[in-house]
Each structure stands twice: as structure tokens, then as C-alpha cells.
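The values are calculated or read from the model by the stated rules, or taken from the named source; none is laboratory data. Given the structure is predicted, the values throughout are model-derived calculations rather than measurements. With ideal geometry, Cβ positions are generated from the backbone for all residues, glycine too; neighbour counts draw on all protein chains shown. Note: areas computed on protein heavy atoms with side chains; ligands, DNA, RNA excluded. Shrake-Rupley method; radii C 1.70, N 1.55, O 1.52, S 1.80 Å.
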Amino acid sequence: MSFPVHRKRRLRVSEPMRRLVREHHLEPSQFILPLFTCPGEGVRKEISSMPGVCQLSVDQLVAECESARALGVGGVILFGIPEHKDEMASGAYADDGITQLAVRAIKREVKDLLVVTDVCNCEYTSHGHCGMVVGHEIDNDATLEWLSKTAVSHARAGADIVAPSDMMDGRVGAMRAALDATGFKNTPILAYAAKFASVFYGPFREAAESTPQFGDRRSYQMDPANGREAQHEMELDLEEGADMLMVKPALPYLDLIRMAREKFPVPIGAYQVSGEYSMIMAAAQNGWLDLDRAMMESLISIRRAGADFVLTYFAKDAARALA
């Protein structure tokens with residue numbers, strides 16, 4: 001039977017009723033806050049294309065982590081901005097590198113906050129690419145040594161999870177072998193398994209000072225048109241030892257989050273990237289969208305698609321809204 005017997009609006013008549021029958025929920029513990037850390041002291045340098053997001057010196061980073069923990073945010077992911085860059089990305093795997101210093105400071109000062117580290121080279125290379133450049137090509141296999149050394153140095157500093165974002169073939173297996181060989185068998189790998197060559201990374205490149213000095217990253221990041229390839233990338237990363245998978249960006253790739261959730265039994269994350277954040281912030285600042293509603297609707301859509309956790313610059317604001 002149909003209308004008038006079935007009236008779906010009966011279960012939408014009030015907020016308590018809607019809350020009772022709601023299928024998906026957001027919790028601050030499901031959010032991971034991306035943070036950018038840089039040398040210096042007392043530094044809070046706002047990123048022009050990402051209102052409210054700053055490059056932070058380690059002392060300011062620790063304060064931001066304390067605030068995130070107090071709000072119940074599930075964790076942070078760190079992106080380091082070194083004082084000097086070179087052809088060999090040496091700052092990425094130096095024991096006194098900016099990310100390593102930041103991890104140690106957080107672990108010393110902010111107890112029980114999960115610390116994830118981005119394992120890549122683009123912030124540390126003078127050319128802005130994610131791997132070793134030979135001629136005008138990225139040498140995949142030579143880059144694996146850098147990535148493995150970086151993962152071990154992050155784990156040694158105290159990182160709870162390492163997250164390779166470079167999209168080199170074989171990186172997860174190389175990192176897993178290096179971590180196991182150096183006593184970090186219990187350090188999980190969150191693989192940026194389906195990371196697309198997306199226009200939505202634009203503001204991030206200002207934040208991380210990582211714009212390529214020549215060419216682009218389409219020879220190693222994925223073609224936005226390819227869904228089956230994304231599934232294969234995820235399968236390969238799991239075979240190599242990944243513990244968790246990530247889809248990046250999130251909103252333009254909700255179909256792939258759903259596919260991953262239905263196919264793979266491991267935790268699935270999604271990164272609501274800088275461009276997604278900046279679009280919502282720009283629309284809200286122009287009075288075109290209600291900021292809080294747009295923020296929460298975007299996050300619940302990512303969760304509804306199947307993500308277990310979301311990397312989002314809205315983490316603290318969303319946690320406050322949920323309080």
C-alpha cells in the first residue's frame with residue numbers, strides 16, 4: 001500500500017524524532033585534524049587560501065593539539081615544512097627534521113592524542129615532486145628508500161601511524177619491511193591508496209609550500225576518471241601490508257569510498273582536502289551557504305558513503321558543533 005497509509009513525514013516531525021531514526025552519526029573521535037608545522041617560535045602564519053588554517057611552529061602546534069584533544073578530536077596528521085629544501089629530500093628523514101621534532105613535542109606534552117604522520121617528499125624537495133628526479137622523470141624505485149627511511153624516523157620519534165601519500169608503486173611493502181626490520185612491527189600504515197591528481201589540492205600547496213617547479217604529478221597520482229584502477233591500487237596496498245586505506249579527495253569520490261567499504265574489511269578513511277574546505281569557507285564568507293550546516297552535511301555525506309574516519313580541516317569546528 002502507498003499514500004495515505006505510508007507517510008514518511010511521520011518520522012521527520014521533530015528533531016528528537018529525527019535524531020531517534022538517524023542512520024549515521026558524527027563523533028569528534030572520527031575526525032583527524034591536518035596540521036602544518038614549521039621552524040621558529042610563536043609562529044602562526046595564516047594561509048590565505050584556507051581561512052582559519054595556519055602554519056604553526058612547534059610550540060604553537062602543541063597548543064593546537066591540546067585544544068584538539070580537549071574537544072575529543074580523534075587525532076592529528078602532521079605535514080612538515082622544513083627551513084631548507086634540497087634535491088634529496090633530506091629533511092624528510094632527518095632525525096632532527098621538523099616533523100620528527102613536532103612528533104616528539106606532541107608526545108611529550110599532549111598525552112593520549114593519536115599522531116599520524118604524512119610520509120612524502122614534496123614538502124622537502126627543492127623541485128616540489130614526491131620522488132627522486134632523474135632527468136625529468138620520477139624514479140619510482142629509488143624513491144622507496146627515502147620513504148622507508150622517513151617512515152622509520154617518524155616511528156622512532158613516536159608516531160602512532162605512518163601514512164604514505166606519494167603514490168609510488170611498492171611503497172607500502174618497502175615501508176612495512178623497513179619498519180619491521182627496525183623494531184616497529186606494531187606501527188600501522190594508513191595508505192593513501194586511491195589518491196587522485198586533483199585540482200582540489202591547490203590551497204594545500206600554498207600551505208605546504210610544495211608546488212612542483214616543473215610539470216605536474218599526473219604520472220604518479222591517479223587519473224580522476226579511473227574507478228577500477230582505484231580498486232586495484234587498494235588491493236595492492238593491502239597485499240603489501242597496509243592496515244588502513246584512504247581515499248583522497250573525499251567529496252568528488254564518494255562512490256569510491258562506498259566501493260572500498262563494501263569490498264575491504266579494513267578501516268577506510270577519507271581526506272576532505274584543502275579545496276573542499278576552501279570552497280565551503282568561501283561560499284560561507286560570501287553569504288551563499290550557512291557554514292555550520294554545509295560543514296556538517298559534507299562530513300555526514302562522507303561517513304554515509306562508508307568512511308570510518310575523516311581527515312578534515314573542520315575537525316575542531318565540527319567537534320564544537322557536536323558538543
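Counting only residues that are hydrophobic (A, V, I, L, M, F, W, C), touching a helix residue (DSSP H, G or I) at 6+ places or on another chain (Cβ under 8 Å), farther than 28 Å from THR125 by Cα and assigned to a helix (DSSP H, G or I), how many does segment 61-80 have?
1
Name every residue in segment 88-126 that is of a type outside the set (A, V, I, L, M, F, W, C), assigned to a helix (DSSP H, G or I) and farther than 18 Å from LEU311 by Cβ, in order of residue number.
Once the filter is applied, which keeps residues that are of a type outside the set (A, V, I, L, M, F, W, C), assigned to a helix (DSSP H, G or I) and farther than 18 Å from LEU311 by Cβ, segment 88-126 yields SER90, GLY91, TYR93, GLN100, ARG104, LYS107, ARG108, GLU109.
Suppose we filter segment 48-83 for residues that are buried (at least 16 other Cβ atoms within 10 Å of the Cβ) and hydroxyl-bearing (Ser, Thr, Tyr); how many remain?
So the answer is 2.
ALA250: open to solvent by 10 Å² or more (accessible area, probe 1.4 Å) and either over 15 Å from TYR201 (Cα atoms) or not acidic (Asp, Glu) (or both), yes or no?
Answer is no for this residue.
When residues of segment 25-42 are filtered for being surrounded by fewer than 10 Cβ atoms within 10 Å (Cβ to Cβ) and not charged (D, E, K, R), how many remain?
So the answer is 1.
Report whether or not ASP223 is touching a residue at least 12 places away in the same chain (Cβ under 8 Å), open to solvent by 60 Å² or more (accessible area, probe 1.4 Å) and either more than 28 Å from GLY52 (Cα to Cα) or within 20 Å of the chain's Cα centre (by Cα) (or both).
Spelling it out, ASP223 is indeed touching a residue at least 12 places away in the same chain (Cβ under 8 Å), open to solvent by 60 Å² or more (accessible area, probe 1.4 Å) and either more than 28 Å from GLY52 (Cα to Cα) or within 20 Å of the chain's Cα centre (by Cα) (or both).
I'm trying to understand the selection: among the residues of segment 48-60, which are part of a loop (DSSP other than H, G, I, E, B) and either more than 19 Å from the chain's Cα centre (by Cα) or at positive phi (or both)?
SER48, GLY52 - these are the residues of segment 48-60 that are part of a loop (DSSP other than H, G, I, E, B) and either more than 19 Å from the chain's Cα centre (by Cα) or at positive phi (or both).
What residue, among those in segment 86-131 that are buried (at least 21 other Cβ atoms within 10 Å of the Cβ), aliphatic (A, V, I, L, M) and under 22 Å from MET168 (Cα atoms), is modelled with the lowest pLDDT?
Applying the filter and picking the extreme gives ALA89.
Quick check, is LEU20 open to solvent by less than 30 Å² (accessible area, probe 1.4 Å) and under 26 Å from ALA321 (Cβ atoms)?
no
Exactly one of (1) of a type in the set (D, E, K, R); (2) crowded, with 21+ Cβ neighbours inside 10 Å; (3) assigned to a strand (DSSP E or B) is unmet by LYS45. Its number?
(2)
crowded, with 22+ Cβ neighbours inside 10 Å, out of contact with any His (no Cβ under 6 Å at 6 or more places or on another chain), under 30 Å from LYS45 (Cα atoms) and among the small types (Gly, Ala, Ser): is that true of GLY269 in this structure?
Yes, satisfied.
List pairs: first residue in segment 142-155 and of a type in the set (S, T, N, Q), second residue open to solvent by less than 10 Å² (accessible area, probe 1.4 Å) and in a helix (DSSP H, G or I) anywhere in the structure, Cβ distance under 6 angstrom, at least six positions apart or on different chains.
Once the first residue is of a type in the set (S, T, N, Q) and sits in segment 142-155, its partners that are open to solvent by less than 10 Å² (accessible area, probe 1.4 Å) and in a helix (DSSP H, G or I) give SER148/MET175; THR150/ALA92; SER153/GLN100.
What's the total number of residues in segment 156-172 that are of a type in the set (Gly, Ala, Ser), at pLDDT 95 or above and in contact with a Phe, Trp or Tyr (Cβ under 8 Å, 6 or more places away or on another chain)? Can you show your working first?
So the first thing to find is which residues in segment 156-172 are of a type in the set (Gly, Ala, Ser), and the list is 157-159, 163, 165, 170.
Subset that is at pLDDT 95 or above: 157-159, 163, 170.
Then drop every residue that is not in contact with a Phe, Trp or Tyr (Cβ under 8 Å, 6 or more places away or on another chain), which leaves 163.
Adding up the residues that qualify gives 1.
Run down ALA89, ALA94, ALA68 and say which single residue is at positive phi, out of contact with any Asp or Glu (no Cβ under 7 Å at 6 or more places or on another chain) and of a type in the set (A, V, I, L, M).
Checking each option against the conditions leaves just ALA89.
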